[in-house]
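Step one of this worksheet: look at the structure below.
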Amino acid sequence: MKFSTTFSDAAILQELGQRLAQLRLNRNLLQDALAAEAGLSLRTLTRIESGEPSQTVNVLRVLRVLGLLENLEALVPPPPVSPLQQLQLQGKSRKRASRPAKLTKLAKAGEPAAEAVAEPAPTWQWHSE
């Protein structure tokens, strides 16, 4: 059965559960072994395989154990960056490093930038007044 937008949610869950059950059987795994490895109760795995609604994290755990988690990339591919977003990102890229604020103020006050050297901050000591 190929999934279609015309199918109900229940029909899609039923098909998904049957496929997961068949994959489990093809790998010669018992339900309780798969449930234990996925960190689920046997009842939760039984519900998933029978097509009953379940939390997404439970399905992800089953897919991980069956080695199918990588297939989610095809299910929900990363969205491409739009041309408008590319233009906006290009305008925000840094072209050069900026000077520290104190050096900039001294250079604007008339001193050459090479002579405008920031003084080191005074060191703090215990019991100093």
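Each value in this text was obtained by applying a stated rule to the coordinates, not by laboratory testing. Note that the structure is a prediction, hence the values are computed from the model and not measured. Because the Cβ atoms are built from the backbone with ideal geometry, glycine has one as well, and the counts that use them run over all protein chains shown.
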Fill in the blank from the handout: In nm, the gap between the two label points placed 7 Å beyond Cα toward Cβ at THR5 and ASN28 is 4.4
Practice task
Would you mind counting up the charge near SER41? Only other residues with Cβ under 11 Å from its Cβ, with Lys and Arg at +1 and Asp and Glu at -1.
Solution key: +1
Completion exercise
In nm, the gap between the two label points placed 7 Å beyond Cα toward Cβ at ILE12 and THR123 is 6.7
Practice task
Set the Förster radius R0 to 41 Å, insert the Cβ-Cβ distance between ALA74 and ALA97 as r into 1/(1 + (r/R0)^6), and round the FRET efficiency to 0.05.
Solution key: 0.45
